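Colleague: One structure is given below, represented as structure tokens, and several questions about it will come after.
The values are calculated or read from the model by the stated rules, or taken from the named source; none is laboratory data. Note that this is a predicted model, so its numbers are computed, not measured. Every residue, glycine as well, gets a Cβ built from its backbone with ideal geometry; the counts of neighbours run over all protein chains shown. These area figures cover heavy atoms from the full protein model, side chains too; ligands, DNA and RNA do not enter into them. Shrake-Rupley method; radii C 1.70, N 1.55, O 1.52, S 1.80 Å.
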Amino acid sequence: MQFCRLNIHLETLEPVRLPSYKGAVIRGGFGLAFRRIACPFLKKECSDCLLRANCVWSYVFNTPRPEGSKIMRKYETIPHPFVIEPPEDDRTKLEKGEELIFNLILIGKAINYLPYFILTFEKMAEQGLGPGRGRLKVKTVNQNGKPIYSPEKKSLLALPDIQRLYFSKLSRPCSCVTIHF
């Protein structure tokens with residue numbers, strides 16, 4: 001299993017009000033912005049779309065179960081190939097110039113869609129977060145303290161380092177594996 005973990009730094013352009021748990025606001029804003037970035041047919045149902053098999057939106061939010069998979073056979077889709085780790089601070093108001101920092105973990109094929117994720121965070125920040133829709137901007141995207149994206153140049157500075165988890169045959173059967181990133 002391949003994954004990469006990135007740090008997203010947003011800077012407030014004006015005061016922003018947020019709940020103490022920011023995960024739902026970031027995830028909600030991200031979902032709406034991702035659809036606007038990746039989908040050419042916003043009002044069409046994915047099931048009726050010709051692009052569905054090769055669509056970034058569909059892959060990220062309606063991740064299909066791999067063909068021939070012996071697990072999760074009852075489900076058409078599997079868990080999303082990304083995790084947004086919200087900040088652990090409980091601030092409810094950010095003043096102009098303050099940072100909102102959170103982590104993004106991309107898993108498997110989703111790593112190839114990193115530019116979509118970055119554009120989405122830029123769109124989300126531009127549209128604003130919280131009840132007053134306070135605007136922000138992407139300040140930087142880092143991995144292990146190293147910048148991998150330049151908002152000024154609108155370009156990747158480096159490809160992210162990809163980590164791999166290997167699962168080998170276990171000495172005895174198990175029905176559950178827990179991975180802590």
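Colleague: Report, by residue number, each residue of region 46-63 that is assigned to a loop (DSSP other than H, G, I, E, B) and either modelled with pLDDT under 85 or open to solvent by less than 90 Å² (accessible area, probe 1.4 Å) (or both).
Modeller: 49, 51, 55, 62, 63
Colleague: Going through 122, 126 one at a time, which residue ends up being without any contact (Cβ under 8 Å) to a residue 24 or more places away in the chain, over 13 Å from residue 4 (Cα atoms) and out of contact with any Gly (no Cβ under 7 Å at 6 or more places or on another chain)?
Modeller: 126
Colleague: If you don't mind, there's one more thing I want to ask. Name the residue, out of 36, 5, that is among the charged types (D, E, K, R), part of a strand (DSSP E or B) and out of contact with any Gly (no Cβ under 9 Å at 6 or more places or on another chain).
Modeller: None of the other options fit; the residue is 5.
Colleague: I'm told residue 3 meets every condition in (1) loosely packed, with under 14 Cβ neighbours inside 10 Å; (2) over 26 Å from residue 133 (Cα atoms) except one. Can you identify the failing condition by its number?
Modeller: Among (1) loosely packed, with under 14 Cβ neighbours inside 10 Å; (2) over 26 Å from residue 133 (Cα atoms), residue 3 violates only (1).
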